Each structure stands twice: as structure tokens, then as C-alpha cells.
């Protein structure tokens with residue numbers, strides 16, 4: 001049995017490929033929405049946050065021999081927990097890491113931040129309307145940054161009830177919440193940035209499948225400052241950059 005941590009589209013696609021190759025696969029996702037996206041004939045789905053102990057229990061119950069970590073590039077805790085669980089149980093860990101988008105260094109209004117906290121501080125000096133495309137996990141950080149107290153922040157998030165409730169509780173007005181499922185085209189990103197009078201765009205380098213390329217290109221065409229939050233520095237074991245590399249690695253005993 002293979003456990004695939006698949007909170008992303010490419011993770012789900014990888015799980016399907018493994019199942020079609022003949023492996024028994026269980027997919028781990030965070031939410032019920034993730035469960036609905038991951039359901040596929042022949043694949044079991046576990047929904048809910050997994051701690052190290054939770055992963056170890058799942059490994060024992062389902063006799064899992066390999067964990068394929070295809071979680072989001074910025075989901076640090078999930079990867080750290082998976083590596084620890086594999087180490088503790090003696091099973092194989094494989095990391096599938098999607099490619100980054102090449103950021104044009106010649107663009108003069110490009111800023112690279114090491115994390116969301118640094119991005120918030122950089123943004124404070126660049127404009128009065130920030131279009132935030134980093135997901136819901138960093139909303140509190142941006143909303144509570146004193147330097148952004150007088151700045152309008154537009155939050156583009158998934159259209160899930162719990163996420164919308166979180167936005168409201170953090171003080172976002174309904175007019176500052178864009179609840180849509182991405183990724184978005186270059187043209188749609190441009191239209192949104194213009195519609196909200198955007199002066200600064202903040203994104204993560206979540207790869208082409210995460211829509212980072214079209215966010216960056218749209219911001220550049222409009223001449224907007226864009227802050228790209230770099231990926232967390234993690235030393236992964238058995239790192240694979242393509243789905244075929246993962247399949248080949250799984251085959252190795």
C-alpha cells in the first residue's frame with residue numbers, strides 16, 4: 001500500500017497514475033472538499049490533518065510500505081511529519097516536488113521574500129492596495145501586520161465556508177474577499193488586478209500548475225510591483241521532479 005499526501009491537483013494525478021500502475025493507493029487530504037476531489041475508483045481517501053503519530057497509526061493499520069509526499073510546496077509541516085513517520089516506522093519516503101516558475105530577474109519591480117512576514121513588510125512600502133494570492137494560511141499574518149494597518153488587502157481564497165468565515169473574523173470586508181478556485185489565466189488575473197485597483201501583488205512560487213506564471217506575467221504587463229515568497233528550504237529525501245521519477249523510485253525495493 002502506498003500513502004500519497006495529495007493536497008494538490010498534481011498530487012491527485014500522481015495518485016491515479018500509481019493506482020493505474022497496479023499499486024494499492026490511499027490518498028491523504030486535509031478537508032472534505034479535498035476528499036471530493038481525490039475520490040477515484042480503486043483509491044481510498046483519508047481526510048483530516050495528520051500528526052506524526054497519526055501517520056504512524058495509518059501506516060500500521062493499512063500496512064503502508066511507502067509514503068509519496070506530493071503535498072503543496074509550502075506545506076512544510078506535512079512534509080516534516082511524513083519524513084519523521086517514515087523514519088520511525090522504517091518505510092520509504094519519496095518527495096514529489098513540482099518545478100518552480102522562472103522569475104525574470106530583469107523586472108525592476110520584482111521583490112523576493114524569504115517568507116510571508118518579510119513579504120508583508122516589503123509590501124507596506126510599495127502601495128496602498130495589496131492583492132494577496134497566497135491562500136488562507138497566511139491571512140492572519142498579513143492582517144495583523146502593523147505596517148499594513150492602513151492598507152487595503154484583497155484576499156483571493158478558495159470558496160470554502162470555513163475559509164470565508166476566517167476572512168470575516170479577521171476583519172476582511174466582503175468586498176475585499178475574492179472566493180474563487182484557481183488557477184487563473186493571464187487575462188483573468190489582469191482583469192482582477194485592474195478591477196480592484198491593485199498596487200501590489202503578492203504570490204508564492206507554486207509552479208505553473210499553481211498558476212504562479214500567469215500571476216507574475218499579469219502583474220508585469222500592468223507594471224505592478226510583485227512580491228514572490230520563496231519556497232521553504234527543506235532537505236528532502238528521495239527528491240523527484242516528475243511523476244515518472246516517482247514511479248521509478250517506487251519500483252526500487
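Can you put 192, 220 in order of Cβ neighbours within 10 angstrom, beginning with the fewest?
Ascending number of Cβ neighbours within 10 Å: 220, 192.
Sorted from fewest to most neighbouring beta carbons within 10 Å, what does the list 55, 180 look like?
Fewest to most other Cβ atoms nearby, the residues stand as 180, 55.
Multiplying the sequence separation of residue 137 and residue 35 by 0.36 nm and subtracting their Cα-Cα distance, what value in nm do you get?
Computed gain between residue 137 and residue 35 is 34.8 nm.
R0 = 41 Å: FRET efficiency of residue 195 with residue 61, Cβ-based, nearest 0.05?
0.25
Compute the helix-to-body angle for 212-221: its Cα long axis versus the longest principal axis of the chain, expressed 0 to 90° and rounded to tens.
Value to nearest ten degrees: 20.
Which value at 222 nm does the chain reach when only helices count, each DSSP H run of 4 or more adding -39,500 (n - 2.57), with the total divided by all residues and rounded to the nearest 500 deg cm²/dmol?
The helix-only estimate for the chain comes to -11000 deg cm²/dmol at 222 nm.
Please report, to one decimal in angstroms, the Kirkwood hydrodynamic radius of segment 177-253 built from all distinct Cα-Cα pairs.
Here the Kirkwood hydrodynamic radius works out to 14.7 Å.
Let a ≥ b ≥ c be the square roots of the eigenvalues of the Cα gyration tensor of segment 110-229; is it rounded (a/c under 1.5), or, if not, prolate (a/b larger than b/c) or oblate?
Because its axes are fairly even, with a/c under 1.5, segment 110-229 counts as rounded.
Quick check on segment 31-85: take the gyration tensor over C-alpha atoms, sort the square-rooted eigenvalues as a ≥ b ≥ c, and tell me if it's rounded (a/c under 1.5), prolate or oblate.
Oblate.
So if I take the centroid of the Cα atoms in segment 25-69 and the same for segment 185-248, what is the distance between those two points in Å?
Comparing the Cα centres of segment 25-69 and segment 185-248, I get a distance of 27 Å.
Measure nothing but the geometry: give the 0 to 90° angle between the long axis through the Cα atoms of 76-89 and the longest principal axis through the Cα atoms of the chain, rounded to 10°.
That helix lies at roughly 20 degrees to the long axis.
Which percent, to the nearest 5, of DSSP beta bridges fully inside the chain are antiparallel?
Here the antiparallel bridges make up roughly 5 percent for the chain.
Rule-based calculations on the coordinates, nothing more; no lab input. Fair warning: this is a prediction, and the values are worked out from it, not measured in the lab. Counting neighbours? That spans all protein chains shown, and the Cβs are built from the backbone with ideal geometry, glycine included.
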